[in-house]
Amino acid sequence: MDDILLKYLPERAVAPCLELIKTSGVNLKIVNNRVTRHGDYRRLPNGLHQITINASLNKYRFLITLVHEIAHLAAFEQYGRNIKPHGLEWKKTFQYLMLPFIRPEVFPSKLLPVLARHFKNPKASSDTDAILSLALKQYDPQHPNKTYVFELPLGSIFRIYNGKLFKKGNKRVKRYECVEVATGKVYLFQPNAEVELIKD
């Protein structure tokens, strides 16, 4: 298991993560990329616990996702199953489990202040924190055609992963109003959503 985890995690995070996996009694499955999520936690009908994580994540996002999902299990076991999945109990548990990893032996030094800010009040997904998401994307394998919604000119047309076309509109507080070309419906996009520019 150490050899497998070494492929997906920063080297200094492997042993503590292995310990977390063993003590939580969770079955970890590394799966093909899913566009809508980095990972998930499930209690199976037989009572066992399973976490799935996308194989395509860079080592730092993989680590954050693994601890995020283990925090679900730990929070449910400590506080009961009636808590909100990303409520206060989960946030406290996630912060506590993540704290030993936020160090220069595990993460690059330029990520540490971004992580420290994020973990003051962790979000339901690292993608909803645009600053953290963009910082983590710097460590992804390079894709030359990657474009983010915030980089596009107002009024430009872009395509998302499922082929749908949108026209970029104004920014609300944090997200952009974008109109689906085919239906005229308005959707809100995170600034760090990856898209393909069709026409500016």
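Of everything listed in (1) aromatic (Phe, Trp, Tyr); (2) farther than 27 Å from residue 86 by Cα; (3) at pLDDT below 90, the single unmet condition for residue 161 is (2).
Okay, residues lined up against (1) under 24 Å from residue 66 (Cα atoms); (2) in contact (Cβ under 8 Å) with a residue 24 or more places away in the chain:
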site: 109; (1), (2): yes, no
site: 116; (1), (2): yes, no
site: 128; (1), (2): yes, yes
site: 148; (1), (2): no, yes
site: 158; (1), (2): no, yes
site: 165; (1), (2): no, yes
site: 168; (1), (2): no, no
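For residue 75, the conditions (1) touching a Phe, Trp or Tyr at 6+ places or on another chain (Cβ under 9 Å); (2) more than 19 Å from residue 17 (Cβ to Cβ); (3) at pLDDT 95 or above all hold with the exception of (2).
Taking region 1-56, which residues are surrounded by fewer than 17 Cβ atoms within 10 Å (Cβ to Cβ), over 26 Å from residue 141 (Cβ atoms) and not hydrophobic (A, V, I, L, M, F, W, C)? 19, 22, 23, 25, 27, 42, 43, 45, 46, 47, 50, listed by residue number.
The values are calculated or read from the model by the stated rules, or taken from the named source; none is laboratory data. Computed from a predicted structure; not experimentally measured. Note that each Cβ is placed from the backbone with ideal geometry, even for glycine, and that neighbours are counted across all protein chains shown.
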